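Notes for the one structure printed next.
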Amino acid sequence: MTEENLSYLFDTYSDMILKIAYTYLKNTNSAEDILQEVLLKVLKKKMHFEDEKQEKYWLIRVTINLCKDFLKSAWYRKNVPLEENISYLPKEQGEILKVVLALPEKYKMVIYLYYYEGFSLQEIAKIWHKKTATIGTWLARARKMLKEKLKGEWDL
């Protein structure tokens, strides 16, 4: 992989990788570490992709797997992560983000991929290696949880 290709990957996908990692880890520094690990994997494996979609799917899957490994690590379990300060966000966005991050892993990832990355249910199913109906069910449950938790604050 050339330096130019790595720059392209970083410019194109770094925000997405950071957001996914932050969604899992709830810590900016750890999310940045995951970004570096993902880019190192691309360099080491000398990946070549057929198209942009395949590239994006692979990067998302690797990011998710690295986050899961990080959360299982002995280092993480022995250290208490600091609460991330999201006070820089407007109040409404900060509250919604807290509620989304409190969802179970599969639900918050479906919400992120569907609403923030614009993936269809079929594309999310491909990333997660699940049936489209399963992803649709997860999305419906996530919406229901969000609605219940935000009901008093916003008229949904």
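Can you tell me the order of 109-117, 45-53, 8-16, 134-142 when each peptide is scored by its average per-residue count of other Cβ atoms within 10 angstrom, highest first?
109-117, 134-142, 8-16, 45-53
Can you give the extra length, in nm with one decimal, that the chain gains between S7 and R141 once fully stretched, where that is 0.36 nm per residue apart less the Cα-Cα distance? Show your work: numbers first, answer last.
Values: separation 134, 0.36 × 134 = 48.24 nm, distance 3.81 nm.
Value of the extension gain: 44.4 nm.
Any of K126/K149; K45/K131; K19/K144; K108/K131 with alpha carbons more than 26 Å apart? Name them for me.
K126/K149; K45/K131
Taking K and R as +1 and D and E as -1, what net charge do the other residues with C-beta under 15 Å from the C-beta of Q122 add up to?
+3
What are the ³J(HN,Hα) values, in whole Hz, obtained from phi via the Karplus relation 6.51 cos²θ - 1.76 cosθ + 1.60 with θ = phi - 60°, for each residue of the range 4-17 in sequence order, with x given for Gly and Pro?
Couplings: 5, 5, 5, 4, 4, 4, 5, 4, 7, 10, 4, 4, 4, 4 Hz.
Values in this text are rule-based calculations from the coordinates and carry no lab data. Keep in mind that what you see is a predicted model, and the values were worked out from it rather than measured. With ideal geometry, Cβ positions are generated from the backbone for all residues, glycine too; neighbour counts draw on all protein chains shown.
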